[in-house]
1. Only residues that are at negative phi, of a type outside the set (A, V, I, L, M, F, W, C) and more than 13 Å from the chain's Cα centre (by Cα): list them for segment 84-106, please.
2. Within segment 83-91, can one find any residue that is part of a helix (DSSP H, G or I) and surrounded by fewer than 19 Cβ atoms within 10 Å (Cβ to Cβ)?
3. Does A77 satisfy being farther than 30 Å from R116 by Cβ, outside any helix (DSSP H, G or I) and either modelled with pLDDT of 95 or more or among the hydrophobic types (A, V, I, L, M, F, W, C) (or both)?
4. Just to be sure, is A77 more than 22 Å from V109 (Cβ to Cβ), out of contact with any Leu (no Cβ under 8 Å at 6 or more places or on another chain) and either small (G, A, S) or surrounded by 15 or more Cβ atoms within 10 Å (Cβ to Cβ) (or both)?
5. Looking at this structure, is P148 exposed (fewer than 13 other Cβ atoms within 10 Å of the Cβ) and of a type outside the set (V, I, T)?
6. Can you tell me which residue in segment 29-50 is modelled with the highest pLDDT, limited to those that are in a loop (DSSP other than H, G, I, E, B) and exposed (fewer than 11 other Cβ atoms within 10 Å of the Cβ)?
7. Just need a number here: residues in segment 55-70 that are in a loop (DSSP other than H, G, I, E, B) and modelled with pLDDT under 95.
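The values are calculated or read from the model by the stated rules, or taken from the named source; none is laboratory data. Remember, predicted model here, so these are calculated numbers, not experimental data. All Cβ positions, even for glycine, are placed from backbone atoms using ideal geometry, and neighbour counts span all protein chains on display.
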Amino acid sequence: MTVLDPDLNAGSSASESKELPRQRDHALRVEPMMALEWSHAIEPAGGGVGIAATPAQSRRAWIHRADEQQVLVLYRAVGGDAPAPWWLRALDRGELPSRAAGFAVEDEVTALLVARPGWVFVPWAADGEVGYWEFVPSESGVYGPAEPTTVQFTDRHPGWVDLIPAHRGPGPRQPVPLTTAELRERIDDLERIG
């Protein structure tokens, strides 16, 4: 953020012999606002490109393209509670070797689910987050509407994938930690239950 005092001479008396230079004639004073800078860093570039149908299509922000070390430096400067994708939180803690490794997890899940009928990518997750997959047929059933079976990415465990089974009624949904290999092994059963 740039702060400009248009006239440093304001309030000085005419009797003073030395006039201070006007600030706009010299360098501007800049005061960084890390939160604002971070919000721009996670904001997708390209404006009206359309709704992402996969995690890869949503990788349009500065954090996806900039030098990985620069991204980490800015993230750490903003603080650990800043909105960020799962892979950046894991990378910051040293639990993921690289941003590319996080992208590979997302791409592996995408390759599995995009080839199967009924799975839809939901790109509008919380700020900075990747999005998640829903198994649409699990939304309704004999007992009325439900929260669908969901696959989301997480930094809570080193498998990086949470399965949240379809849920009806009160009470919280309980995530089941998985790896991409475990998701692949169980996908047929999950779709039958959904």
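1. Result: D92, R93, E95, P97, S98.
2. No - not one qualifying residue is present in segment 83-91.
3. So A77 does not fit the description; no.
4. Working: more than 22 Å from V109 (Cβ to Cβ): yes; out of contact with any Leu (no Cβ under 8 Å at 6 or more places or on another chain): yes; either small (G, A, S) or surrounded by 15 or more Cβ atoms within 10 Å (Cβ to Cβ) (or both): yes.
Spelling it out, A77 is indeed more than 22 Å from V109 (Cβ to Cβ), out of contact with any Leu (no Cβ under 8 Å at 6 or more places or on another chain) and either small (G, A, S) or surrounded by 15 or more Cβ atoms within 10 Å (Cβ to Cβ) (or both).
5. no
6. Taking segment 29-50 as the starting set, the residues that turn out to be in a loop (DSSP other than H, G, I, E, B) are 31-33, 43-50.
Still in the list and also exposed (fewer than 11 other Cβ atoms within 10 Å of the Cβ): 31-33, 46-48, 50.
Numbers: E31: 47, P32: 58, M33: 79, G46: 67, G47: 58, G48: 52, G50: 67.
Within segment 29-50, the match that is modelled with the highest pLDDT is M33.
7. So the first thing to find is which residues in segment 55-70 are in a loop (DSSP other than H, G, I, E, B), and the list is 55, 59-61, 66-67.
From what's left, modelled with pLDDT under 95: 59-61.
Of the residues in that region, 3 qualify.
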